[in-house]
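What follows is calculated from the coordinates using simple rules that are stated; it is not laboratory data. Every value quoted in this text rests on a predicted model; they were computed, and no experiment measured them. Neighbour counts run over all protein chains shown; Cβ positions are idealised from the backbone, glycine included.
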Amino acid sequence: MRFSPRNWARTFHRFWIVAALCVPALVALDTSKLKQHGHVNDFASKMAPDSLRVLEQYCVQVEQKTGVQLVIAIVNRLDGEPAKSAAGRLFTEWAVGSRNENQGMLLLFAVEEKREVAQVGAALDAVVPADFAAGALKRPALQANDYNRPLILIAETLGEHIANARGVTLDPPEPAKHKGGWFSPIAIVFYVCVAAMIAGVISIIPGLMKFAVPAAKSPTTWL
């Protein structure tokens, strides 16, 4: 086949179109590996178990009382993909809010890149405007790599806003109690200090006995 300059131009143009479509797929978050297992999905292991439980219970309450499914996903990186694109794809793959007429909201956090974004379902746009959702995500503590109490506060801010719009009342999230247990670092330090004190007392008992016994037997001691 003979290629004219015009054919070469078309081929070159088509090549770059195909390349432009393929490159994003090579540098995108692999959402196929992210399997939803509740309202709160911590794939980066950033939340303490008790905080995660409190947040999950609150998101369940939001859905039960307002009909809005609030889903949270925490990942390490987005692998070069724009946050909005990754959130939109995950929102679709997980079918967030599909059970309640597209009344869903997905909060996506990339901890290593310190990026966060909210994807709001079409039926919820009027209730939760984009600027309000973006403002709720801007919590200073997130920049300090803290994803426990800040995420609960973010969910509470959004939940109360939605509840007010629906004319319902939500119970506030219960305080997260991080129990240290018998073998927490603080408990171990306490045990070591107590053991050292007991060992010190035992070590001086023989010396005290050598002094106390003769003194007790001396007649002058009782005069």
Q: Over 23 Å between C-alpha atoms is what I'm after, so list which of 84/114; 65/138; 46/84; 33/114; 65/114 land there.
A: 65/138; 65/114
Q. How large is ³J(HN,Hα) for each residue in segment 50-66, as worked out from phi by the Karplus curve 6.51 cos²θ - 1.76 cosθ + 1.60 (θ = phi - 60°), to whole Hz, x for Gly and Pro?
A. 5, 5, 5, 5, 4, 5, 4, 5, 5, 5, 4, 5, 4, 5, 5, 9, 10
Q | Dipole magnitude (debye, nearest 20) for segment 83-165, charges at Cβ of Lys, Arg, Asp, Glu | A | 120 debye
Q: Can you tell me which of 164-171, 81-88, 52-59 comes out highest on packing, and rank the rest after it, using the mean Cβ neighbours within 10 Å?
A: 52-59, 81-88, 164-171
**Q.** Net lengthening on full extension, residue 146/residue 165 (0.36 nm per residue, minus Cα-Cα)
**A.** 3.9 nm
(Q) Once R0 is set to 41 Å, what does the formula 1/(1 + (r/R0)^6) return for the Cβ-Cβ distance between residue 138 and residue 195, expressed as a FRET efficiency to the nearest 0.05? (A) 0.30
Q.
I'd like the GluC sites (Glu not before Pro) in segment 103-162 restricted to DSSP loop residues with at most 13 other Cβ atoms within 10 Å, sorted by number.
A. 112
Q. Measuring from a point 7 Å past the Cα of residue 130 along Cα-to-C-beta, which residues in segment 106-124 have an amide N at less than 19 Å?
A. 106-109, 115-124
Q | Mean shadow area of segment 45-144, taken as a quarter of the surface of its Cα convex hull (nm²) | A | 6.5 nm²
Q. Under 13 Å Cα-Cα from residue 35, which aspartates and glutamates qualify once same-chain neighbours fewer than 8 residues away are excluded?
A. 93
Q: Send over the per residue convex hull volume for segment 29-88, Cα only, as a whole number of Å³.
A: 86 Å³
